[in-house]
Amino acid sequence: MGQKKNSRSQAKKEAPSPPPPPVAVSKNGRKAEGNSIFSWIFVLALLGAWTAVGVVWFDIVDYDTVVGTLVPYDIDGDGHLGLEDAKVLLGLKEKPVARETPPHTPVTDTSDEQDVRSDLRREAEPTVAKSEFVNTASSEQDSFNVDSTAADAGLSRLEQEFTPFDPIEANFDSFLQEENPDTIDTTGELVVEYLPEETEDPRAPDSTQDMEGANPEPTAESAAEVTQDSTPVLPETTAQSAQQSPQDTTQSNTAEETPTEVTGKKKKPKMFNKFDKTIKSEIDTAEKLRKKGKAEEALRAFEGLVQKYPHSPRSRYGKAQSEDDVAEKLRSNDMLLKAVNSYKEAAELPDAPVALIKAALKRRADRQQFLGRMRGSLATLQLLVQTFPDDIALQNDLGVAYLLIGDNKAAKKVYEEVLVKAPSDGFAKVHYGFILKSENKIAESIPYLREGLESEAAGTDDGRFYFHLGDALQRVGDQSAYEWYERGHKRGHFASVWQRSLYNVNGLRAQPWWTAKETGYTDLVKTLERNWITIRDEALSVMNASSGLFVAEDENLREKGDWGQFTLWQQGRKVASSCRSVPKTCALLDRYPEATSCKRGQIKFSVMQPGTHVWPHTGPTNCRLRMHLGLVIPRDGCRIRCTDHTRGWEEGKVLIFDDSFEHEVWQDADSYRLIFIVDVWHPELSQTQRQTLSPI
């Protein structure tokens, strides 16, 4: 009670003293005597009521819960209800016009961004890919007055800073919180997502640009709401498709911290220019359709935006992404070609942000590779590297592109340059080691392959690198090769330590040695064995001819010696010129499609001279079995090992083994060895699989 009395008396002391009576003035400047008394009485009554409220109400109610309810009566905005407010309420004074707070103006693009765009416009694409580029960009129109447009639109800071989620661009993968229209909190602070701490690209925009707020700390509830958009993924085509540098990895977390607490963190890539921020709501609507998997609707929406705003890079980029999605959905190469062109158009538009340029061109190069346009992809990557010379990941991608067209020399130069800049780059190391091994520089290749795999860098966990490191170690007599094969097996690259083929169909029966009955091809085996002399005589006639039809083995499988081959069928296709030399043999085989249609095999004669040794190796696929018909076999010295079992050939007999298992050959006799090799489909493959599997 004492506290209440004190508060009442204090409120009475602090109650405002009555102001002097107002003098009403008419429009002609004379005093308005008629209503001055009424006005005075009304004001006194109003102020008395206010004083009573101050004395009684604040005694029982917290001030902070009430003051907000009086805001509508505070006309002049001075924080309390006073004389000026009463004048306005009485109609004696006009209500003041509230001043509008100017909207946030986006920060002007950096000079680096302008330099990159000018470099793109100046840089002519390499001649090698000009035929691949079809420019369907809309005609240019007058530039927009971005600042005035933004002001007229009255966009919130969140709308102007909106950064889209690109679920299919490898360099900008991230998780995004579920769509929520109320993304601005009650304090009006902008929620901004940041990249993990990392080294910035010196050519990229200043990471402090457009910084408007900070992230809330992730909670269990918010983490449960973070999902990744389910976008169909096209088949992987190259090792580099798995590569992702630290600079390209985005993780979206939410955090409650002030802008001063985000030192060392970086924003997501800036995909919107100033104008695109002014049409964010329209782009956002189309983007939501794309994220929800409504590819056709999203494409129509983005096409409308491109027609309406032909200078909008983000709209055209969204159009390209939507075309990409529709191509995946319909399995349409024609639509994918449209996407390839649209990505280029988006990157070439004036004022395209650096991040968008990089994303668009990288995706373009990837889609060109998927379409088999390797030289077009190479040209796009060359342009990317010229535009972003400090981006190691792009240089690594360029090296892969050279390998895909068989230009190992150019690829080697690229990786040498990368290793000068980044000596510990694991991706460059495994590829450089791979090239050295292909040059038969076995010992030199080993440290690069080993260190690259040990780095566990993105893009290095590939069966080919485990395969070639183990093979190189075997050739120098290092038994640690099998440790690496075991690692490759545990990572799922090999079916087993022994069976190390890389192009496989899962679930097929796997065993090193087979019988004719197990294969089901007994009729073929009987035909070969019954006609072995005819087959041998035709082979000898060709081998003894001076035409040089036997070609030396060129797969770098020999440690030493002389090994020649004469091919009749390759990848399921008859070599007509060869069959004219051995017509009877080819006529026999024509009746057996399990052999002649085997797109993952060969039919050929093989002659091996004394002193030849073939390194331990494995075939490329588990989709075939290999038959060896003995034609001329020396009494001693010729043998073949498959896994840990060694056998020899017999004239007129067929040996059958699965060459996806490790095997090795010795020819230590005193005369040549001649056999007939017939590859057949694995018997457990269906007819559909045999028809649709790619050739090897």
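The values are calculated or read from the model by the stated rules, or taken from the named source; none is laboratory data. Keep in mind that what you see is a predicted model, and the values were worked out from it rather than measured. All Cβ positions, glycine included, derive from the backbone under ideal geometry; neighbour counts span all protein chains shown. Keep in mind that these areas ignore ligands, DNA and RNA; they rest on the heavy atoms of the full protein, side chains included. Shrake-Rupley method; radii C 1.70, N 1.55, O 1.52, S 1.80 Å.
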Query raised in the report: Which residue, of Tyr402, Tyr448, is open to solvent by 10 Å² or more (accessible area, probe 1.4 Å) and either touching a Ser or Thr at 6+ places or on another chain (Cβ under 8 Å) or closer than 25 Å to Gln479 by Cα (or both)?
Result: Tyr448
Report task. Determine whether Cys586 is out of contact with any Ser or Thr (no Cβ under 6 Å at 6 or more places or on another chain) and either over 26 Å from Gln479 (Cβ atoms) or polar (S, T, N, Q) (or both). Result -> yes
Query raised in the report: In this structure, does Arg591 turn out to be modelled with pLDDT under 95, open to solvent by 20 Å² or more (accessible area, probe 1.4 Å) and more than 29 Å from Val476 (Cβ to Cβ)?
Result: no
Report task. May I ask you to verify whether Glu257 is more than 22 Å from the chain's Cα centre (by Cα), modelled with pLDDT under 95 and open to solvent by less than 50 Å² (accessible area, probe 1.4 Å)? Result -> yes
Report summary line: Those residues of the range 283-303 which are under 12 Å from Gln321 (Cα atoms), open to solvent by less than 20 Å² (accessible area, probe 1.4 Å) and in contact (Cβ under 8 Å) with a residue 60 or more places away in the chain amount to Glu287
Query raised in the report: What do you reckon, is Gln382 in a helix (DSSP H, G or I), surrounded by fewer than 24 Cβ atoms within 10 Å (Cβ to Cβ), at pLDDT 95 or above and of a type in the set (S, T, N, Q)?
Result: yes
Report task. Can you work out which of the residues in the range 304-326 that are hydrophobic (A, V, I, L, M, F, W, C) and within 21 Å of Arg373 (Cβ to Cβ) is surrounded by the fewest Cβ atoms within 10 Å (Cβ to Cβ)? Result -> Val326
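So that you can scan it fast, the table gives a plain yes or no per residue for (1) of a type outside the set (Gly, Ala, Ser); (2) modelled with pLDDT of 95 or more; (3) open to solvent by less than 60 Å² (accessible area, probe 1.4 Å):
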site	(1), (2), (3)
Asp478	yes, yes, yes
Ala481	no, yes, yes
Trp484	yes, yes, yes
Lys490	yes, yes, no
Ser496	no, yes, yes
Leu508	yes, yes, yes
Asn531	yes, yes, yes
Asp537	yes, yes, no
Met543	yes, no, yes
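Listed here are the residues, each with its yes/no results for (1) over 29 Å from Lys274 (Cα atoms); (2) open to solvent by less than 30 Å² (accessible area, probe 1.4 Å); (3) of a type in the set (A, V, I, L, M); (4) outside any helix (DSSP H, G or I).
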site: Glu328; (1), (2), (3), (4): yes, yes, no, no
site: Val340; (1), (2), (3), (4): no, yes, yes, no
site: Leu356; (1), (2), (3), (4): no, yes, yes, no
site: Arg375; (1), (2), (3), (4): yes, no, no, no
Report task. Could you run through the range 623-650 and say how many residues are touching a residue at least 40 places away in the same chain (Cβ under 8 Å) and basic (Lys, Arg)? Result -> 3
Report summary line: Note on Gly619: of the conditions (1) open to solvent by less than 20 Å² (accessible area, probe 1.4 Å); (2) under 21 Å from His493 (Cβ atoms); (3) in a strand (DSSP E or B), unmet is (3)
Query raised in the report: Any idea which residue in the range 631-652 is nearest to Phe605 (Cα to Cα), counting only those that are open to solvent by 10 Å² or more (accessible area, probe 1.4 Å) and over 52 Å from the mean Cα position of the chain (by Cα)?
Result: Val632
Query - Which numbered condition Pro350 fails, given (1) open to solvent by 20 Å² or more (accessible area, probe 1.4 Å); (2) assigned to a helix (DSSP H, G or I); (3) in contact with a His (Cβ under 7 Å, 6 or more places away or on another chain) - result: (2)
Requested in this report: Sort out which residues of the range 674-696 are under 35 Å from the mean Cα position of the chain (by Cα), surrounded by fewer than 18 Cβ atoms within 10 Å (Cβ to Cβ) and either part of a helix (DSSP H, G or I) or charged (D, E, K, R) (or both), and write them in order of number.
Outcome: Gln687, Thr688, Gln689, Gln691, Thr692
Report summary line: Of the residues in the range 419-450, those that are without any contact (Cβ under 8 Å) to a residue 12 or more places away in the chain, assigned to a helix (DSSP H, G or I) and closer than 18 Å to Asn556 by Cβ come to Glu444
Report task. May I ask you to list the residues in the range 452-484 that are of a type in the set (S, T, N, Q) and either in a helix (DSSP H, G or I) or more than 22 Å from Arg558 (Cα to Cα) (or both)? Result -> Ser455, Thr460, Gln474
Query raised in the report: Restricting attention to the range 604-625, which residues are within 40 Å of the chain's Cα centre (by Cα) and farther than 20 Å from Asp471 by Cβ?
Result: Cys623, Arg624, Leu625
